[in-house]
Structure formats: structure tokens, C-alpha cells
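Values in this text are rule-based calculations from the coordinates and carry no lab data. Nothing here was measured: the structure is a model prediction, and the numbers come from that model. Cβ atoms come from the backbone with ideal geometry, glycine included; neighbour counts cover every protein chain shown.
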């Protein structure tokens, strides 16, 4: 199992990435040195005196487009510091969907470079130059690639040894197991007239596992039949 992974995020809003990945499980993994998240401000690589990183698109159209030169310079600076297997990902609604299976493939890399677009997007030429793949967080449009990048970091990091307490924490969860997760309950036993299913109080682990499998399959069939 992977023991360490490094993420390098090329973004116009490094504080957003740093804020999200500094909390909870991922934040603790960063502090422990199990995962390494480094944010790179693309503006630092602009040669414009006003640190501009965008311009109007050729052919006209609404909005501004992120320019290729500062992104490429940022990418080259990152590449010079890497060792091991690396992959560069552009977070894009045009990319393949981020799935648990894809997260499992990405965790095999030592370094993942993430490019976050903004405004109306990124000059296609630099995407073609540096990106090994494009990944989408879902069929919707956001104002930038930072939140999708954080989702990818979270999904991949959970598969790194030591981030979670036990591999069972992700192997038997929704989606990872091939089905949605079964219902779970904790105290109190009776909540507004709804009681915990008796089988969970039986102490019979075989019956409990059977009940959980049945519940997981039923919920998956109802809510996500496409997973079958």
C-alpha cells in the first residue's frame, strides 16, 4: 500500500486549497507528513508587471481566458522538484468522471500535479502540453477548479496507508465496495419512535453481516441501479 503521496496544485487561489486540506482527516495526515499538499500561485510566474495571468480569447466571446506562459512556467518549476512517478491532471468538466476506481489508480503515483482553471478556462495549448489527463468532479459547472481539486485530493489521500485507521474504513464504504453503504445507527436506541433494528442488537455477527449486505443491495438497487 502507498505510504506517501505528494500533491502540487497550480491555482490562482492557494489559500482556498490550503484551507480545505488543512482540516479533519486530511489535515492530520498533512501534519503527520503522510501526504504533502503544496500550493503554487500561478500569478508568481507571470512576467506581466501587474501579475496578469489572463487575456481576451481569440475569436471573441465572454470572459477572460487563462494564459499559457505562466501556467507552463509554474509546471516546469514543479517538475524540477519531483522524484518518482508523476501525473499531471487538469480539473475540467470535459474530463472523465472522478470515481473510486480512478482514485485507486491515481494513488499509485508518487506525485500528482493538479491544474485549476478559472475565468472562462485555460488556453488549450498548455493543457495539451502538460496534462496527462482531464478529470471532472461531476456534470456541473463551478467557478474554478479548486473545489474539484480538493475533492480529488481527499478521495486519493484516504487510500494512502496511515491516513485512515484501517483499510476497512474505505474498502467497505459506499461505492468502494461496489454498492452503496448499509444504514447505520448509534445511541439512543429509540429516536422519536424509530428504533434500531433488532438484528443489530442480537450479537450474532453472521446475521448482522447478512442484514447489512441485503440492505446495501436494496439501497443500491433503489438509488443507484447503474452501479450494478
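Summarise the long-distance tail of P(r) for the chain by giving the % of C-alpha pairs beyond 30 Å.
37
What percent do you get for the relative contact order of region 5-157 when only Cα pairs under 8 Å and 6+ apart count?
30
Among 158, 51, 195, which one shows the highest mean-square fluctuation when the chain is modelled as a Gaussian network with alpha-carbon springs under 10 Å?
Maximum among the listed residues: 195.
Can you tell me the relative contact order of region 172-227? Whole percent, Cα pairs under 8 Å, sequence separation 6 or more.
44
For residue 62 and residue 165 in one chain, what is 0.36 nm times their gap in residues minus the Cα-Cα distance, to one decimal in nm?
Length gained between residue 62 and residue 165: 32.3 nm.
Using 1/(1 + (r/R0)^6) with R0 = 45 angstrom and r between the beta carbons of residue 191 and residue 125, what's the FRET efficiency to the nearest 0.05?
0.20
For residue 142 and residue 213 in the same chain, what is the full-extension length gain: residue separation times 0.36 nm, less their Cα-Cα distance, in nm?
22.0 nm
Pull up the DSSP beta bridges for the chain and report the antiparallel fraction as a percent, rounded to 5.
15
Taking R0 as 45 Å, what's the FRET efficiency between residue 199 and residue 110 from their Cβ-Cβ distance, rounded to 0.05?
0.50
Hey, with R₀ at 35 Å, roughly what FRET efficiency would residue 132 and residue 221 work out to, going by the Cβ-Cβ distance, to 0.05?
The formula returns an efficiency of 0.45 here.
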